[in-house]
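Take a look at the structure set out below.
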Amino acid sequence: MDNITSRQGVAHFSSRNMRSIIESIVGRDYYIANIDECLSLELSTNNKIKIRSGVLIHHGNVSQVKKGTYDEVSYLNGSQGMKRIDLIVSRLTKDASTEIEKQEWICIQGTPSESDPQAPSYTEGNIQEGDLVDDCPFAELHFDGINVTEVKQLVPVARNTEELEAELDELNRNIKIVESGSNSNGNYRKYSDGTIEMWGEAAFANIAINNKDNWNYYSNQLTVNLPCASVSIPKITGTVRNDSGAWLSIPGRGLGYDLFRAWVYASSPITSQNVWIAWHAFGTWK
């Protein structure tokens, strides 16, 4: 294991390391950090647009327009009687020989059309995966004749932790139990957001754990019926209650809308045993 964040006296922390950390925290897509002016756009002249201060997170790469400054991107004027869509991208490139990386704004000009212009294509790469060019589609400029009639920012502003916690608290306050009950198969609760929660126990008498795979012994297939049907394949967790060292396996192929199938495993064969399992399921009822 390599320690990548501690000082070691030699160069050992790479841009790839940093991007991986950022991706694991923020996500693997494109985002604008919710600071400064959030890279807001402003037409400045007939063929230039300003990108105000802020931070762009692009496949884990972090770039900045410093606070109190702006970047300016040039584009070609529109043409009389034609419509056009230009695309402003933040282009990250890597030199294959030196491994030096650079990020810059690029305006990709679209093809003029009388009635149905389309945004131009861009390079869909990822430096993390070995590509040398990676474009982040940042904004569209829509032309009608010689004028820009719309500036459309394409990258969302990421919510910070405080905002996400506030939204989660609000959701939790608004989600209510609309129905609960039980039957011979177990217990259930239906929530107003469409989630159904189910749980229970199941007993299997005289289970023989004597089939052998490459590593362990396992029982024949067990079937557990759920107290309610789910409209989506539910997610199931479960454990073996017996103090026998056995464990429960619920493969995806054993899941249905109103039941699940499981196998009990053990490191040594067991010829006959009464097995109790405890299970918990989450699905959807609407």
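The values are calculated or read from the model by the stated rules, or taken from the named source; none is laboratory data. Every value quoted in this text rests on a predicted model; they were computed, and no experiment measured them. For neighbour counting, all protein chains shown are included, and Cβ atoms are generated from backbone atoms with ideal geometry for every residue, glycine included. Please note that ligands, DNA and RNA were not included when accessible areas were found on the heavy atoms of the full protein model with its side chains. Shrake-Rupley method; radii C 1.70, N 1.55, O 1.52, S 1.80 Å.
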Check your understanding: How many residues are open to solvent by less than 70 Å² (accessible area, probe 1.4 Å), outside any strand (DSSP E or B) and not aromatic (Phe, Trp, Tyr) if we restrict to the stretch 40-76?
Key -> 4
Practice item. Quick one: Asp213 ticks every box in (1) surrounded by 13 or more Cβ atoms within 10 Å (Cβ to Cβ); (2) out of contact with any Ser or Thr (no Cβ under 8 Å at 6 or more places or on another chain) except a single one, so which number is it? Key: (1)
Check your understanding: Do we have any residue at all in the stretch 153-164 that's part of a strand (DSSP E or B) and at pLDDT 90 or above?
Key -> yes
Review point. Taking the condition open to solvent by less than 40 Å² (accessible area, probe 1.4 Å), at pLDDT below 85, out of contact with any helix residue (DSSP H, G or I) (no Cβ under 7 Å at 6 or more places or on another chain) and under 15 Å from Arg159 (Cα atoms), does Ile32 pass?
Key: no
Check your understanding: Counting only residues that are of a type in the set (Ser, Thr, Tyr) and open to solvent by 60 Å² or more (accessible area, probe 1.4 Å), which one in the stretch 216-231 is nearest to the chain's Cα centre (by Cα)?
Key -> Thr223
Study note, to complete from the structure: Being of a type in the set (S, T, N, Q) and over 30 Å from Trp263 (Cβ atoms) narrows Asn187, Asn147, Asn206, Asn210 down to just Asn147
Exercise for review: Would you tally the residues in the stretch 15-28 being of a type outside the set (A, V, I, L, M, F, W, C), without any contact (Cβ under 8 Å) to a residue 24 or more places away in the chain and open to solvent by 50 Å² or more (accessible area, probe 1.4 Å)?
Suggested key: 1
Exercise for review: Answer yes if at least one residue in the stretch 112-134 is without any contact (Cβ under 8 Å) to a residue 12 or more places away in the chain and part of a strand (DSSP E or B), and no otherwise.
Suggested key: no
Point to revise | Residue that is most open to solvent (accessible area, probe 1.4 Å), among those in the stretch 247-270 that are β-branched (Val, Ile, Thr) and touching a residue at least 40 places away in the same chain (Cβ under 8 Å) | key: Ile270
Exercise for review: Considering every residue within the stretch 175-188, establish whether at least one is in contact with an Asp or Glu (Cβ under 8 Å, 6 or more places away or on another chain), free of Cβ contacts under 8 Å to residues at least 24 places away in the same chain and either open to solvent by 80 Å² or more (accessible area, probe 1.4 Å) or not in a strand (DSSP E or B) (or both).
Suggested key: yes
**Study point:** Pairs, first touching a residue at least 40 places away in the same chain (Cβ under 8 Å) in the stretch 60-80, second of a type in the set (D, E, K, R) and open to solvent by 60 Å² or more (accessible area, probe 1.4 Å), C-beta under 8 Å, six or more apart
**Key:** Gly60/Arg28; Tyr75/Lys48; Gly78/Asp144
Exercise for review: State all residues of the stretch 195-246 that are within 17 Å of Ser182 (Cβ to Cβ), assigned to a loop (DSSP other than H, G, I, E, B), among the small types (Gly, Ala, Ser) and touching a residue at least 40 places away in the same chain (Cβ under 8 Å); if no residue qualifies, say none.
Suggested key: Ser230
Practice item. Using the structure shown, decide if Arg91 is farther than 14 Å from Leu141 by Cβ, of a type outside the set (Gly, Ala, Ser) and outside any helix (DSSP H, G or I). Key: yes
**Study point:** Matching residues, the stretch 100-136, being surrounded by 18 or more Cβ atoms within 10 Å (Cβ to Cβ) and touching a helix residue (DSSP H, G or I) at 6+ places or on another chain (Cβ under 7 Å)
**Key:** Asp134
**Study point:** Which numbered condition Pro234 fails, given (1) under 30 Å from His58 (Cβ atoms); (2) under 24 Å from the mean Cα position of the chain (by Cα); (3) not aliphatic (A, V, I, L, M)
**Key:** (1)
